[in-house]
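Laboratory data are not the source of any read-out in this text; all were calculated from the coordinates shown. Keep in mind the model is a prediction, meaning the values are calculated, not measured. Here the Cβ is made from the backbone with ideal geometry for all residues, glycine too, and neighbour counts use every protein chain on show.
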Amino acid sequence: MTPALTAAADIDLRPLTTADRVLIGLDFDGVLAPLQDDPATSRMLDGSAGAIAELSRIPGTRVALVSGRDAATLRQLADPPPGVWVVGSHGAEVDFGPEGDVVSPIGGDSVAGAEVGAPDTAGPAPAAVQDPPMLTSSEQAMLKAIDSHIDAFEHTMPEHSDMEIRVEHKPFARTVHTRGLDQRFASDLHEHVVQVQNEHPGIRVIEGHDIVELSVKRATKGDGMHILVEAFSPTTTVYLGDDVTDEDAFAQLETVPGSICIKVGSAPTRANLRIADPEAVAELLQRLAADRRRQQG
Ligand SMILES: [Mg+2]
């Protein structure tokens, strides 16, 4: 049964404000930051940024940003306070911050010594650049095939040569953005992009809001949340997401007692609660921060 839209003010937050240990998983685009034609310009709403800063200072409270973006880009865009964990590349990167390592749940590789986006408050050392991610030789070959395949589109569609194709380069994937493009052009581009999977079945196609992503890793946001739950041992977990890939996180949390899943926006979902948009998320997080501060202060 698909959940009806609920006003942020009407969501019962008591299980989250009273829990001994609460884990708050938050998708970034479309949840904390309104969707943008150019993904490089996405910014968190001030209300959500303030609430996350407050939540991250409350004992027994852990905030995690969970995104399809790579972990380093996500830290740069979101600029989260110390203590906020980051899951990037749809779960292929789990980053416990400057004092932890970046781990890749697929293949079990640890990127030794990687320091990602050390916040300004962490000390005098400048933010380190993340070490190159671990890719197997077959994954490298698939990534190369993806790049040539996307490049080939311009040659197959000469009549569209004036349209700009926006491709986001991620450590484990390429994301083609179709938001704002002419509809016919966007659908031709989409059709071309997904065909690479015919020759390389190992490539994972991830569909999202006006994006199609070709990934060489199989991790999901559900895998990422599983690692966070194991690491933090929360008594209650809440997850907010707006896109198809967030459904993997919702599915994972169905196996974790005391979990609350909240869909943002109108798309079909397996979550049991739904709120409207990033503004509603900001309102919800601000109330959660204030109420939990009163309870746990
Ligand atoms: Mg999203």
| request: Starting from the amide H of LEU35, placed 1.01 Å from N in the peptide plane, find each other amide H under 5 Å away whose residue is 5 or more places distant or on another chain. | output: GLY30
| query | So what is Rg over Rh here for the stretch 137-215, counting just Cα atoms and using Kirkwood for Rh? | reply | 0.94
| field | Residue-averaged 222 nm ellipticity for the chain, from DSSP H runs of 4+ at -39500 (n - 2.57), nearest 500 | value | -10000 deg cm²/dmol
| field | Listed peptides 212-219, 4-11 by packing density, highest first (mean Cβ within 10 Å) | value | 212-219, 4-11
| request: Would you mind telling me the antiparallel percentage of the DSSP bridges in the stretch 193-297, rounded to 5? | output: 40 percent
| task | Inverting the mean 1/r over all pairs of different Cα atoms, compute the Kirkwood radius of the chain and quote it in Å. | result | 19.8 Å
| field | Additional length obtainable on full extension of the chain from ALA251 to ARG166, 0.36 nm per residue less Cα span | value | 27.5 nm
| remark: Percent antiparallel among DSSP beta bridges confined to the chain, rounded to 5, stands at 50 percent
| remark: Log10 I(q)/I(0) at q = 0.19, 0.20 Å⁻¹ for the stretch 157-297, from Debye over equal alpha-carbon scatterers, is -1.20, -1.25
| query | Expressed as a rounded percentage, what relative contact order does the stretch 234-297 have, with Cα pairs under 8 Å and six or more residues apart? | reply | 25 percent
